[in-house]
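The structure appears right after this line, and notes come after that.
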Amino acid sequence: MPGVIPRPLVEKLSRKHQADHYVKHFTTWDHLVTMLFAQATGKDSLRDLEAAFNSHSSQLYHLGVRPISRSTLSDANSRRPCRVFEQLYLQLPGRFQNLMPKRKFKFKNPFFAFDSTFIDLCLSLFPWAVFRKRKGAIKLHFRLNQDSILPSLLVITHGKTHDIKVASELAKGLQPDSIITFDKGYMDFNFLFSLTKRGIFFVTRAREDQGYVVAGQQQAPENKNTISDQIVLLTSPKSKEHYPQPLRLITIWDPGEKKNLDFSDQQLQARGVNHRLNLQTPLAD
């Protein structure tokens with residue numbers, strides 16, 4: 001880890017924010033390593049973290065840390081300024097960008113994914129974050145750059161916030177010809193048509209109950225798992241109102257799940273390629 005997260009940077013930020021002021025043993029570096037271990041191993045209590053971390057005591061010297069006690073860790077969690085970790089996080093993406101392995105395939109278009117995940121919170125400390133009867137949570141929405149596999153935008157909301165309510169914010173700043181992929185939680189035709197009007201392409205799973213009529217056929221790529229490649233028009237009055245243009249519907253066979261999967265996107269034409277996501281320009285009217 002010291003090769004990925006430079007210890008001199010952590011120590012520099014610690015001095016800047018006086019995070020180790022009056023600290024004799026449990027430094028900011030120790031704190032960071034311990035909390036990263038907790039995150040990686042899924043430990044959600046100080047007792048479990050103490051036992052698991054100290055079980056590797058013979059190997060901790062490689063990281064420049066020592067065994068911990070839960071009382072020391074509790075004090076550090078309550079007293080050490082969080083700004084030091086915030087500033088560290090903000091400086092790391094640029095460093096990680098150069099360390100990420102190169103992907104075997106690339107798109108000429110900028111390629112992003114939208115998704116979200118829950119972060120559990122203790123209700124006794126965050127009573128405003130009631131998510132279920134005895135559970136608190138916030139929701140982290142993110143725009144993932146598929147080229148670097150690093151998030152380029154993060155939005156934090158209440159745990160009950162639906163994905164589509166944050167979708168427009170995640171799409172801010174994207175350039176025309178960008179490609180976005182997301183799940184059915186973002187299937188709102190007002191949002192999808194706003195992307196189309198901006199020249200942004202999207203690829204998503206189609207709803208099973210979505211009404212449509214086939215308006216044309218695309219030449220299926222030379223892929224035995226591709227069953228059909230169709231141009232479709234929505235038939236529901238509300239859907240047609242919100243998305244009046246044709247869509248492309250691709251059905252593939254997933255041998256792992258042993259079922260057909262339907263994907264929809266704008267009416268696009270692939271120029272001389274055999275990959276359903278290599279999308280170039282709208283079809284001529």
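Observations, loosely collected:
So that you can scan it fast, the table gives a plain yes or no per residue for (1) basic (Lys, Arg); (2) in contact (Cβ under 8 Å) with a residue 60 or more places away in the chain; (3) more than 21 Å from residue 39 (Cα to Cα); (4) not in a loop (DSSP other than H, G, I, E, B):
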{"residue": "96", "(1), (2), (3), (4)": "no, yes, no, yes"}
{"residue": "120", "(1), (2), (3), (4)": "no, yes, no, yes"}
{"residue": "131", "(1), (2), (3), (4)": "no, no, yes, yes"}
{"residue": "151", "(1), (2), (3), (4)": "no, no, no, yes"}
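- The listed residue being outside the structural domain of residue 18 (by TED's automatic domain parsing), more than 23 Å from the chain's Cα centre (by Cα) and not acidic (Asp, Glu), out of 60, 123: 123
- For segment 124-139, residues that are aliphatic (A, V, I, L, M) and surrounded by fewer than 16 Cβ atoms within 10 Å (Cβ to Cβ) total 1.
- Annotation note: of 193, 202, the sole residue that is assigned to a helix (DSSP H, G or I) and over 15 Å from the mean Cα position of the chain (by Cα) is 193.
- Top-ranked residue of segment 167-178 - restricted to ones that are under 15 Å from the mean Cα position of the chain (by Cα) and not in a loop (DSSP other than H, G, I, E, B), ranked as farthest from residue 205 (Cα to Cα): 169
- Any hit, segment 197-209, residues being modelled with pLDDT under 95, hydroxyl-bearing (Ser, Thr, Tyr) and surrounded by 19 or more Cβ atoms within 10 Å (Cβ to Cβ): yes
- Elements of type strands (runs of 3 or more DSSP E) in segment 220-285, at least 1 residues being touching a Gly at 6+ places or on another chain (Cβ under 7 Å) and at pLDDT 75 or above: 226-234
- Residues in segment 1-41 that are modelled with pLDDT of 90 or more and at positive phi: 18 alone.
- Only helices (runs of 4 or more DSSP H) whose full extent lies in segment 7-85 are considered here, and the ones with at least 2 residues that are surrounded by 14 or more Cβ atoms within 10 Å (Cβ to Cβ) and of a type in the set (Asp, Glu) are 46-54.
The values are calculated or read from the model by the stated rules, or taken from the named source; none is laboratory data. As the structure is a prediction and not an experimental result, all values here were calculated from the model. Positions of Cβ are generated from backbone atoms using ideal geometry, with glycine treated the same way; all protein chains shown enter the neighbour counts.
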